[in-house]
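See structure below.
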Amino acid sequence: MPLTSKSKYADAYVDPVGKSVPRIEGRGIVTGQLKYVFDVQMSNMLVGKMLRSPHAHARIISIDTSKAEALPGVKAIVTAKDTYQIKFGSNEYFFPHTVDQMALEADKVRYIGDEVAAVAAVDEDIADEALRLIDVKYEVLPAVFEIEEAIKPGAPAIHEAMNNIALILPVNFNNPERMMKEADLVREDKFWCPVAHPSPMEPHVCVGQWETFTNKVTLWSSSQAPFKCREALAKTLKMDLNDVRVIKMAVGGGFGGKLEMLPMDFAACLLSKKAGGLPVKICLTREEEFTTTRRKHGMIYRVKTGVKKDGTILAMMGDVFADGGAYCSYGPTVLAAAMMRIFMVYKIQHFKMTGYRVYTNNPISGAMRGFGGVQSGFAIESHMDLIAKDLGMDPVEFRLKNITTPNMVTVNKMILTTNGMKECIEKATLASGWAQKRGKMKHLKRGIGIGIAADVMGSKMYKSHESAGAIVKVEEDGSVYFFTGAADTGQGSNTALSQIAAQELGVSFSRIKCKSGDTEITPFDTGSFASRVTFISGNAALLGGRDAKIQILEIVAKDNNLDINDIDIKAEKVIFKKDGRSLMTFDKALELCYSFKYGKQIIGRGSYNPKTTPVDFRSGEGNVSGSYGFEAQIAEVEVNTDSGEVKVLELWDAHDIGKAINPQSCEAQIEGSLAMGIGYTFYEDLRFKNGRVLNPNFAGYRVPRSIGMPKMNSIMVETNDPEGPFGAKGMGEAALLPTAAAIANAVEDAIGVRIKELPITPDKIIKALKEKNLASA
C-alpha cells in the first residue's frame, strides 16, 4: 500500500537534537511495564545461591557437597573442581598480571564473601538449606586490613605481590625536584578519601541458561557493559565468543558497580549446564550487594606543590595509596585516573606522582562513578584553595592563572581542542555572586567555595580499540530501527543516541525504535562508563544515520537525474542544499526505494573509534580520550558551630558539554552527580572491622534523598567540539568530581577550619573548631 504524502511523523520531534524529547522508556518506567532481570520468568526456573567464605583470609582444605546434593529439590552444585579455574580481570590488555580472581576460588579465600560454591534448587528455602549443608574446611590465615600495615615487610601475603603492592604506577615529567627549590612557596597536604558503595536501587541479578542442544549459553543481566561481560564469561567458561549471549535488561542503577562479570554470572550459567539446561536466577541480597560486589577505593592522597609569588604553579609531587581489597578489578584504571586527570585541569610542566594499589583482606574495590577522580578531586581542589590562601590570592584568580586552555597539548600529550574551563569558571562565579560573598559572610557562618574538574569521553585503557557500532534500519512502513550495543543504565543514552541518529537521517525522533545491549543482535560497544556513550556511541549513531541517508539519496538522485551532492534530507523532506527547496517527502523517497523498480532495503552502518593513543604506563604519557569535558562548581554553605552540622544552601555547576543533545537529560545528569557528591561529602562511608562490613544496609549506610537537597543550578556551556556528534561531549561523571572540595572550601570560608578527611561530619567540625580555638588562645 503506497505511503501517503502527509506523514504522521511531521511532529514536534523533527530536528530532535537540542530538544528535551521524552525518554524512550519513560512511560515504561513510571507504569512499571519496563522489564528488569528480576522480572524474567521461565518454565522450571531454578533459584541460585552463592556460598561465601566466612573468613577474611584462609586456605581451602576441602569442600564436601554430598549432603547438599542429597537434599530433595537441589538440582545442581558447582565448586572450583567443576570449572577450568581460569582467572579473570578487567585490565587484562595493559596489565595482564592484575588478572587475579577466579569465579569460584579453589585454593584460598581472600575476603569475607569470597565465592567458593554455588547451588541451584527449586526454591529459595531449599537453596539456602543446601548452602548450610555444604561442608568447607578452612585453615585460617593471618589477615591484614589497613593500607599502611599491608605494605610492611612481613605482612600476610594475600597474593604473590611483593609487600602486597598489586600495582605501582609512576607518572613523571621533567624535573619537579629542581623546580621545588626555585619556588617561592611549597605546600604539602595529606587527605583521606573514604570507601563508598555504588548502592544501586536494583541489586545485582542475573539469569543464566545453557542450551543443551546447541551448547550455547545466554545470560540476562543488569550489566553496564554486556560485551565485556560476554568476554569474561567466554574466557572463564572456555567458550567461543559467539557461543555466549549477554542480554542487558533495564538497569536499576549501576554507577560503575555493574561493569564487570561477577562470579554469580558465571555460576548461573554453569549451574544451568549442570541442571540439564534449566534456567537459573541469582539475586543478591542487599547485604551481599554491599559486601561482595564492588566499592570505591579508599585512598590516602599526599600532594606537594611549588608556586611562584604570583600564583604560577611550578611543580607538583606526591603519592597515592589505594586500598584495593582482595582482587584487582578495575584498580589500575582507577589509580591512573586519580593521578592523570590533573593534566586536563592545570598547566603543570614538572610533575612526579606515584600510585600504589595495595591488596588487603577487605572486600574488592573496583569501578565507581568517577574512577578515582572523586578522590583526587577532593584532594587536589582542597589543596589548591590552601595554596591560594597561603599566597593571599582569591581561589578563583589562582585557578584562572593556571588552568588549561583550548587547543593545547599537555605535558603528558593529551590533546585538548575545545576547552570551556575559563567560561565555566566565569559563568559559575557570576551566577553565584562569588565576588559579593567570598569571605564576606563569616558573621552569618556562611561561606562559598569552588572546585573545578575535567573528564574524559571514553578511555582507551581496556582493549586494543574502543570502538562502537550502530545499525540504522529503515523499514518499508517508514519506521526506523536503531541498534546500538551501548548500555542505557538509566542515564537516557537510548534516547540521546536515537536523537542523534534521527537528526542525521533527517527524520522525526518519533520514527525511532531503539534496540540496545544484546551481544547477539546489536553491534559491539565497550560499555557505559567513562562518560563515553554520547561521544563514542553517539558518533557511531551519527555515521549509521548518515549511511542510511546516503542509500536513500542515491536512489532519489538516480531516479531524478540529480547529483547526490546537491540534495539532502532535513526535517522529513528531501531538499536541495542550495536553496532548501523541497523535492519530496521522506515517505515518498522511501516509497521509491522499496518500489518495484529498485527494491532497495535501507540498512545503514556506523562504526567509530576515537582518535587516541595508548597510555605509556611507565610515565603517564598518552592522549587517552578523543575529547575532554570541563566544569566549575560552586557551593554555598551554612555551618551551625554549636552542633557541627553543615547545610548546603545552593550549588552552581557550569559544564562544558560541547552541545546539549537533550538539555533536560543533561540537567538530570548534573543534578544526579551533585546529589552523589553531597552523599560522598557528608554521609557515605562503608566501614569495616577485621574485613567485615559494619553497615551493609541502608539503615547503616546513608545516601542522599530528594528531601533536603539544596537548590541546584545547571549552567550549560556549549563549545561545539569538532569531534563530537553535532558538537556534543559526554558529561555523566565530571559534575561529581569537585563537589566534596567545593563544599569543604566553602566550610573553611564560613568558619575558618579545614577538613581533610571525608566524610565531613559534625564531630569533625566540632573537633576542628576546638583545635582552632586552642591554637588562637
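The values are calculated or read from the model by the stated rules, or taken from the named source; none is laboratory data. Everything numeric here is computed off the predicted structure, so don't read it as measured data. Using ideal geometry, Cβ is built from the backbone for each residue, glycine included, and neighbour counts are taken over all protein chains shown. Ligands, DNA and RNA are stripped out before the accessible areas are found, and what is left, the full protein with its side chains, is counted by its heavy atoms. Shrake-Rupley method; radii C 1.70, N 1.55, O 1.52, S 1.80 Å.
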_Six or more apart or on different chains, Cβ atoms under 8 Å: show the pairs whose first residue is in region 714-739 and closer than 12 Å to GLY672 by Cα and whose second is hydroxyl-bearing (Ser, Thr, Tyr) and surrounded by fewer than 24 Cβ atoms within 10 Å (Cβ to Cβ)._
none
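Looking at this structure, is ARG187 in a helix (DSSP H, G or I) and open to solvent by 40 Å² or more (accessible area, probe 1.4 Å)?
Values: in a helix (DSSP H, G or I): no; open to solvent by 40 Å² or more (accessible area, probe 1.4 Å): yes.
The answer is no for ARG187.
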*Identify all residues within region 334-370 that are more than 23 Å from the chain's Cα centre (by Cα), polar (S, T, N, Q) and part of a strand (DSSP E or B); write none if there are none.*
THR354
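Would you mind finding the one in GLU757, GLU733, GLU748 that is among the acidic types (Asp, Glu), open to solvent by 10 Å² or more (accessible area, probe 1.4 Å) and modelled with pLDDT under 95? I'd like the intermediate steps shown before the answer.
Details: GLU757 fails: modelled with pLDDT under 95; GLU748 fails: modelled with pLDDT under 95.
None of the other options fit; the residue is GLU733.
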_If VAL122 satisfies all but one of (1) surrounded by fewer than 21 Cβ atoms within 10 Å (Cβ to Cβ); (2) hydrophobic (A, V, I, L, M, F, W, C); (3) within 19 Å of ALA80 (Cβ to Cβ), what's the number of the condition it fails?_
(3)
*Quick one: is GLY679 surrounded by fewer than 24 Cβ atoms within 10 Å (Cβ to Cβ) and in a helix (DSSP H, G or I)?*
yes
_Filter result for THR354 (more than 18 Å from MET384 (Cβ to Cβ), assigned by TED's automatic domain parsing to the domain that holds VAL409, open to solvent by 10 Å² or more (accessible area, probe 1.4 Å) and polar (S, T, N, Q))_ = yes
_Restricting to region 149-160, give me the number of residues that are in contact (Cβ under 8 Å) with a residue 40 or more places away in the chain and open to solvent by 30 Å² or more (accessible area, probe 1.4 Å)._
2
*Does region 544-561 contain at least one residue that is closer than 13 Å to ALA470 by Cβ, hydrophobic (A, V, I, L, M, F, W, C) and touching a strand residue (DSSP E or B) at 6+ places or on another chain (Cβ under 7 Å)?*
yes
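Quick grid of which residues meet (1) free of Cβ contacts under 8 Å to residues at least 60 places away in the same chain; (2) of a type in the set (D, E, K, R); (3) buried (at least 24 other Cβ atoms within 10 Å of the Cβ):
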{"position": "LEU233", "(1), (2), (3)": "yes, no, yes"}
{"position": "GLY253", "(1), (2), (3)": "no, no, no"}
{"position": "GLU289", "(1), (2), (3)": "no, yes, no"}
{"position": "GLY298", "(1), (2), (3)": "no, no, yes"}
{"position": "PHE321", "(1), (2), (3)": "no, no, no"}
{"position": "SER329", "(1), (2), (3)": "no, no, yes"}
*Go through SER776, SER706, SER714 for me and flag whichever is over 30 Å from SER53 (Cβ atoms), of a type in the set (Ser, Thr, Tyr) and over 24 Å from the mean Cα position of the chain (by Cα).*
SER776
*Taking only pairs six or more apart or across chains, which ones have beta-carbon atoms under 7 Å, a first residue in region 165-181 that is under 25 Å from GLU148 (Cα atoms), and a second residue that is part of a loop (DSSP other than H, G, I, E, B) and open to solvent by 40 Å² or more (accessible area, probe 1.4 Å)?*
ILE165/ILE151; PRO170/ARG618
*From the residues in region 682-705 that are open to solvent by less than 70 Å² (accessible area, probe 1.4 Å) and of a type in the set (D, E, K, R), which one is farthest from GLN499 (Cα to Cα)?*
ASP685
*Do we find that LEU758 is in contact (Cβ under 8 Å) with a residue 40 or more places away in the chain, touching a Cys at 6+ places or on another chain (Cβ under 8 Å) and under 20 Å from VAL703 (Cα atoms) in this structure?*
yes
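Collect the residues in region 351-366 that are within 20 Å of ASN695 (Cα to Cα) and touching a Ser or Thr at 6+ places or on another chain (Cβ under 9 Å), keeping them in residue-number order. Reasoning before the result, please.
Step one: filter region 351-366 for residues within 20 Å of ASN695 (Cα to Cα), giving 360-366.
Listed by number, the residues that qualify are PRO363, ILE364, SER365, GLY366.
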_Residues that are open to solvent by 40 Å² or more (accessible area, probe 1.4 Å), more than 28 Å from LEU278 (Cβ to Cβ) and not assigned by TED's automatic domain parsing to the domain that holds LEU278, at least 2 per element: which strands (runs of 3 or more DSSP E) completely within region 1-112 meet that?_
none
*Residues of region 508-526 being farther than 19 Å from ASN539 by Cβ, more than 26 Å from the chain's Cα centre (by Cα) and open to solvent by less than 30 Å² (accessible area, probe 1.4 Å), which ones?*
SER508, ARG511
_If I filter region 436-451 for residues that are at pLDDT 95 or above and within 30 Å of ASN494 (Cβ to Cβ), do I get at least one hit?_
no
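Would a scan of region 706-728 turn up a residue that is of a type in the set (Ser, Thr, Tyr) and either over 30 Å from VAL334 (Cα atoms) or exposed (fewer than 13 other Cβ atoms within 10 Å of the Cβ) (or both)?
First, pick out the residues of region 706-728 that are of a type in the set (Ser, Thr, Tyr): 706, 714, 719.
Applying the additional criterion that residues be either over 30 Å from VAL334 (Cα atoms) or exposed (fewer than 13 other Cβ atoms within 10 Å of the Cβ) (or both) yields 706.
Yes, the conditions are met somewhere in region 706-728.
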*So which strands (runs of 3 or more DSSP E) are wholly in region 552-664 and hold at least 1 residues that are farther than 30 Å from VAL753 by Cβ, of a type outside the set (Phe, Trp, Tyr) and open to solvent by 40 Å² or more (accessible area, probe 1.4 Å)?*
567-570, 573-576, 582-585, 602-608
*Would you confirm whether any residue within region 527-544 is buried (at least 24 other Cβ atoms within 10 Å of the Cβ), in a loop (DSSP other than H, G, I, E, B) and polar (S, T, N, Q)?*
yes
*Counting only residues that are open to solvent by 10 Å² or more (accessible area, probe 1.4 Å), out of contact with any Ser or Thr (no Cβ under 6 Å at 6 or more places or on another chain) and in the same structural domain as LYS600 (by TED's automatic domain parsing), give me the strands (runs of 3 or more DSSP E) lying completely in region 403-491 with at least 2 of them.*
468-474
*Report, ordered by the first and then the second residue, all pairs with beta carbons closer than 8 Å, sequence separation of six or more or different chains, a first member in region 517-529 that is of a type in the set (A, V, I, L, M, F, W, C), and a second member that is not in a loop (DSSP other than H, G, I, E, B).*
ILE521/PHE483; ILE521/LYS515; PHE524/PHE227; PHE524/ALA468; PHE524/GLY469
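Quickly run through region 684-719 and pick out the residues that are β-branched (Val, Ile, Thr), farther than 23 Å from ALA654 by Cα and modelled with pLDDT of 95 or more. Don't jump to the end; show me each part of the working.
From region 684-719, those β-branched (Val, Ile, Thr) are 693, 703, 707, 715, 717, 719; that's our starting set.
Still in the running and farther than 23 Å from ALA654 by Cα: 693, 703, 707.
Correct list: VAL693, VAL703.
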